[in-house]
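J.: I am attaching a structure below and will ask some questions about it afterwards.
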2 protein chains.
Amino acid sequence: MTRRTKNILFIMCDQLRADHLSCYGHPKLHTPNIDGLARRGVLFENAYVQSPVCGPSRMSYYTGRYMHSHGVSWNFVPLKAGEMTLGDHLRPLGVKSVLIGKTHMRGDSSGMSRLGIDPESQIGVRIAECGFDPYERDDGIHPFSGHDPDPNYNRYLREQGFGGDNPWEEWANTVVDEDGNHRSGWYLKYSHLPARVPNEHSETPYTTRRAMDFMREAGDQPWVAHLSFIKPHWPYVVPKPYAGMYSPEDALPLVRSDEELANAHPVHAAMSRHRVSRRFAKPGVRDAVMVGYMGLVKQIDDEMGRLFAFMEERGLTDNTMIVFCADHGDFLGDHWLGDKELFHQPVIRTPLVIYDPDSRADATRGTRCPALVEAVDIAPTFLDVYGGTPLPHIMDGRSLRPWLFGQKPEAWREIVVSECDYAFQDARIELQTPPIDSWMRMAFDGRWKYVLCEGFRPMLFDLQSDPNELKDLGASTDPLHVQQRERLHEALFQWARRPRQRVTVSDELIESTEVQARITENGILIGYVDEDDLRAQRQQFKPRYASHNPLVKEALDRLTGEHASSPKPAGKSPVTSTTQPTEESLP
Amino acid sequence: MTRRTKNILFIMCDQLRADHLSCYGHPKLHTPNIDGLARRGVLFENAYVQSPVCGPSRMSYYTGRYMHSHGVSWNFVPLKAGEMTLGDHLRPLGVKSVLIGKTHMRGDSSGMSRLGIDPESQIGVRIAECGFDPYERDDGIHPFSGHDPDPNYNRYLREQGFGGDNPWEEWANTVVDEDGNHRSGWYLKYSHLPARVPNEHSETPYTTRRAMDFMREAGDQPWVAHLSFIKPHWPYVVPKPYAGMYSPEDALPLVRSDEELANAHPVHAAMSRHRVSRRFAKPGVRDAVMVGYMGLVKQIDDEMGRLFAFMEERGLTDNTMIVFCADHGDFLGDHWLGDKELFHQPVIRTPLVIYDPDSRADATRGTRCPALVEAVDIAPTFLDVYGGTPLPHIMDGRSLRPWLFGQKPEAWREIVVSECDYAFQDARIELQTPPIDSWMRMAFDGRWKYVLCEGFRPMLFDLQSDPNELKDLGASTDPLHVQQRERLHEALFQWARRPRQRVTVSDELIESTEVQARITENGILIGYVDEDDLRAQRQQFKPRYASHNPLVKEALDRLTGEHASSPKPAGKSPVTSTTQPTEESLP
């Protein structure tokens, strides 16, 4: 039987390091369900995110564009109204794109107001949700922030009898200490303690069930369901039995060195002085966090098991692509840092496993793909699944489907690029960097990792001789290091100058049209000496360019006659198209 | 009396070379009215456009952004819906921005449709007109192209008794030869012949009168009137007395050399094979064109005299800034080229004269400013006139007002950048350049001009030793030339990587806020070990960051107590702002 892909389940975890899955090598944390997905699909060993920050990274996943292209450089920066997202690209192909969980999107209310778009209208709601139709949205990292004072999950908890003004905070983000006291799960010290909420009602199982609800209710229309977990992101707390399932000894060893800190790049040094970094360096803090973090990952894997079984039972496995990924990782104390916002592997290398039911993907099941792939490749992959024309003038990424089918795409990228804007961090204040210069960029070719920091020396790491990235060679005078820095510097320039904003006209349209012939046949006569000249040139044009505009055609025919004479009255010319520019809309 | 500027008359000519005004040194073509404006204001000796093509150049004027930023890389490329233009920036300041003449704007009908914007609505019309409210639009370069089958000017001509299906074409674009035959003015060979239309009814006088109409009708509201002439752009024909007012001997000498053509860069060589370039190289063609072109410029100057006198009579000179500029120049056969689309001085250096009635500008009247200024500086200048907050996160340019007031702005730019996308030209087809690589970029520091061409060697000119740009040093191995190429290459990289798409959050907002303190006070507790840690940190925050959200404040106060206890019921949190992000909208 030939299988074809109809739906896509697009699963994203928040802040999940690749090395915390057993299929990516974790020795103690077994994730058999995600590993099983990898056995049925392809595991990408070198998948990188476009930014080590939630908002920018997600916008790159959803738009197929680098941070440099879409402009969302940090979490509260709205994606400008008009930027096209997955939903915009897939909707015309008959696909319904829904959101279940978190997007970290900030809607461009100012842009909508300027464009006269009602935020409550269907289009307004989509603009505020990265182009998805919301099925269930729970951003959830700031349950008392006033962004969404009463999210769905709060209502759910209340219905289950977990009362209070803010049950998410009081049950899911609150833990019970050894003396029975309630402690806030936001405090790192208490990360190892069990959340008050029973497991089945905690965030990940709840969101997974909402995805099942969606699949039950979905009709025949093809869908992309973005199942977006808020975990294992902080607060790093999980209910029993996951709390306490792991001990600090099960954690990966801390990766850092005194020499690294002593010779740190100014931006790295300033970030090591961020509160979260200093706290992770305190005795006991990392141990408590690792216990919670590993439990959260294990919980996700168990829920994946439940979800995949549910899909199997309903026959969805035969026609639904499953993508498992993360928006970025977490330092967890490595490199003297907490949280994220630099370019070390624990943060920018993320899990990416894709199961494609299509028969053509049988060739690669259970294999590991070493290609350098990026978050921006996801949107082009989905477009490819639905037979959409590639949009290289809009999307920076490329479809991964050839890799899934065992083909080697031509001229695949040789570097991955990731970007981080530390304008919103204390490091910028400490370093007195103007916001325009706080945008860092990394180019990594699989061995050499180069980071360009405005106003400072660059960073350079050789992951072959130094896989843990403890020796920053950014100031090294070794000719090899100088040469690598220069090479990747130039590669970043090539990357930076690629045109990314000519989004309203496609490369395909340009390449398929002899624009100059069309211009003449549309009546704009550039560079003709006289009647004979025009007559001779027109004979060389391909018939497809001949004007069909009655007003123009007669004028051109008249102009190539021996003498100009009065034209005959002609009908009205056709109305200009109101859709995506086509050849007809050329001048 | 202290004078203050209330209105702006923003005059743009199409395809006018700086060196075709007497104030810029033309020895035979006297333009006393524009020269007079320069005597009352400031003449910018080194003003450059962002692209040697109408559409991209204009979009840079109207948005204050480079082509790299706004994406309109050629004439029929729509400016994407959502890009902010002058009108968008000035409207909230109470200023009415109107268009009188040409914009070369292509509306983004696809984007409008996606965003649910009715093209006939006020917002839709503005999107299709670069943010201007149309008062009179006559793009006029293709009167029989079907874009606008019956423009206003056609209707006007008909009312004056110049009949026919397409009077613009039959009267203004048609000439009478020595034998009384009607010839199309599109043919270069006939450019010296007089247009059939009487002078007073030709395009430039008509458009000037429409500007006077607007000024008569304008009420008290401050206005920016974009008076945008379609001339001296081709068809290069003008009515009597301007036709025949000049002879070929009055023209500037042709600038080209055999050596230049023999050693031409591949893109230059391919462009020299464009039809328009080959035609300009034919005997007699340039002579005919120069006669028409000079007549058209003289006609503009005479109309400027009428217009300035009209304004003087009505007292408008006391409160109206007058900007005179052009969207780009014209090769007119120089460098073996016709039309435009490379970066030689005749094309990218343009006239810029600014008269500012403000008393502070008295210090500079009649002076010539040598600073490197760009088309992107115009929108920031206008914003400055109306007291708007500078928007460096949106606009690439800077206000020119300090120069007008005799001040030297800090850290003024050291290079100008211009860009050209030849994707739509026959040169791309001949050279088989992929559209993504057909984007050329120039960096010019006033002496050295460097042009980066993807896939080919660069170009380099030394305007000190070679002011006519006849020696391309792009392949020279002279160490000085190598060094200059490397220096400007790196300068272009700095330019290319500048963030330009984070348009929804201002630098000012970022710099004025300690984001991390706000995040805590909004209830996102990143990196706190325990209650004591949070309590101690909160005491260090400035009072302005203290949460006023009743839900958050109580939770934070409770979380810094000795033990967590049940929270009291609290009121609803405030609704999120729906306007431009402010400090309150931070997470």
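The values are calculated or read from the model by the stated rules, or taken from the named source; none is laboratory data. A quick note: this is a predicted structure, and the numbers were derived from the prediction, not measured. For neighbour counting, all protein chains shown are included, and Cβ atoms are generated from backbone atoms with ideal geometry for every residue, glycine included. Note: accessible area is taken over every heavy atom of the protein model, side chains too, but ligands, DNA and RNA are not part of it. Shrake-Rupley method; radii C 1.70, N 1.55, O 1.52, S 1.80 Å.
J.: Taking the axis that carries chain A onto chain B, what is the nearest Cβ in chain A, and at how many Å, to the whole number?
T.: Per the Cβ-to-axis criterion, the result reads A:Gly82, 1.
J.: So the label point sits 7 Å from Cα along the Cα-to-Cβ vector; using that for A:Ala491, what distances do you get to the other copies, in nanometres, sorted shortest first?
T.: In nanometres, ordered from closest: 2.8.
J.: Right, something else. Using label points projected 7 Å from each Cα along Cα→Cβ, tell me how many nm separate B:Leu480 and B:Leu463, to one decimal.
T.: 1.8 nm
J.: Moving on. Sort segment A:1-107 into rounded, prolate or oblate with this rule: let a ≥ b ≥ c be the square roots of the eigenvalues of the Cα gyration tensor; rounded if a/c is under 1.5, and if a/c is not under 1.5, prolate when a/b is larger than b/c, oblate otherwise.
T.: oblate
J.: What does the accessible area of A:Glu313 come to, in Å² to the nearest 10, when a probe of 1.4 Å is used?
T.: Roughly 150 Å² of A:Glu313 is accessible to a 1.4 Å probe.
J.: Now for a different question. Of the options A:His344, A:Trp168, A:His89, report the single residue whose Cα projects farthest towards the positive end of the charge dipole of chain A (beta-carbon charges: Lys, Arg +1; Asp, Glu -1).
T.: It is A:His89.
J.: Ok, one more. Within segment B:1-28, find all residues whose amide N lies under 20 Å from a label point positioned 7 Å from the Cα of B:Leu254 along Cα-to-beta-carbon.
T.: B:17, B:19-20, B:27-28
J.: Normalising by the residue count of chain B, find the relative contact order in percent from Cα pairs under 8 Å and 6+ residues apart. Don't skip to the end; give the middle numbers.
T.: Numbers: 1136 pairs, mean separation 116.0, N = 587.
Once normalised by length, the contact order is 20 percent.
J.: A:Ala218 label points, 7 Å along Cα→Cβ, one per copy: pairwise distances from this copy to the rest in nm, shortest first?
T.: The projected label point of A:Ala218 is separated from its counterparts by 5.7 nm.
J.: Measuring nothing but label to label, 7 Å from Cα along Cα→Cβ, what are A:Lys28's distances to the other copies in nm, shortest first?
T.: The answer, with the shortest distance listed first, is 9.0 nm.
J.: Also, I was wondering about something else. Can you give the average number of partner chain beta-carbon atoms within 10 Å of each beta-carbon in peptide B:74-84, as a whole number?
T.: Values: counts 5, 5, 10, 7, 7, 2, 8, 5, 9, 3, 4.
Mean shielding count: 6.
J.: Of B:Glu170, A:Glu486, which has the most accessible area with a 1.4 Å probe, and how do the rest follow in descending order?
T.: A:Glu486, B:Glu170
J.: In addition: Rounded if a/c is under 1.5, else prolate if a/b is larger than b/c, else oblate: which is the protein assembly as shown, with a ≥ b ≥ c the root eigenvalues of its Cα gyration tensor?
T.: Prolate shape, in that a/c is at least 1.5 and a/b is the bigger ratio.
J.: Give the separation of the Cα centroids, segment B:188-220 to segment A:435-484, in Å.
T.: 60 Å
J.: Right, here's the next one. B:Met12: accessible area at probe 1.4 Å, nearest 10 Å²?
T.: 0 Å²
J.: Something else: Interface B/A, total buried accessible area with a 1.4 Å probe, nearest 100 Å²?
T.: In total, chains B and A hide about 10900 Å² from solvent.
J.: Then there is this: Please identify the DSSP H helices in chain A that span no less than 30 Å along the helix axis (Cα) and have a mean Kyte-Doolittle hydropathy of -0.5 or more.
T.: Helices meeting the span and hydropathy rule in chain A are A:285-313.
J.: Let me have the 222 nm mean residue ellipticity of chain B computed from DSSP H runs of 4+ only, each contributing -39500 (n - 2.57), with the sum over all residues rounded to the nearest 500.
T.: Calculated from helices alone, the mean residue ellipticity at 222 nm is -8500 deg cm²/dmol.
J.: If you average the C-alpha positions of segment B:307-336 and of segment A:37-91 separately, how far apart do those two centres end up, in angstrom?
T.: 46 Å
J.: Rounded to a whole number, what % of the accessible area of chain B do carbon and sulfur atoms account for, probe 1.4 Å?
T.: 50 percent
J.: Based on the alpha-carbon gyration tensor of segment A:174-262 and its eigenvalue square roots a ≥ b ≥ c, which shape applies: rounded if a/c is under 1.5, prolate if not and a/b is larger than b/c, or oblate?
T.: oblate
J.: Next question, about the same structure. How big is the charge dipole of the protein assembly as shown about its Cα centre, in debye rounded to the nearest 20, if each Lys and Arg gets +1 on its Cβ and each Asp and Glu gets -1 on its Cβ?
T.: Computed about the Cα centre, the dipole is about 240 debye.
J.: Working out 0.36 nm times the residue gap between B:Asn181 and B:Met245, then minus their Cα-Cα distance, what length gain in nm do you get to one decimal?
T.: Taking 0.36 nm per residue and subtracting the Cα distance, the gain is 20.9 nm.
J.: Taking the DSSP beta bridges in chain B as the whole, what percent of them are antiparallel, to the nearest 5?
T.: Restricted to chain B, the bridges split so that about 45 percent are antiparallel.
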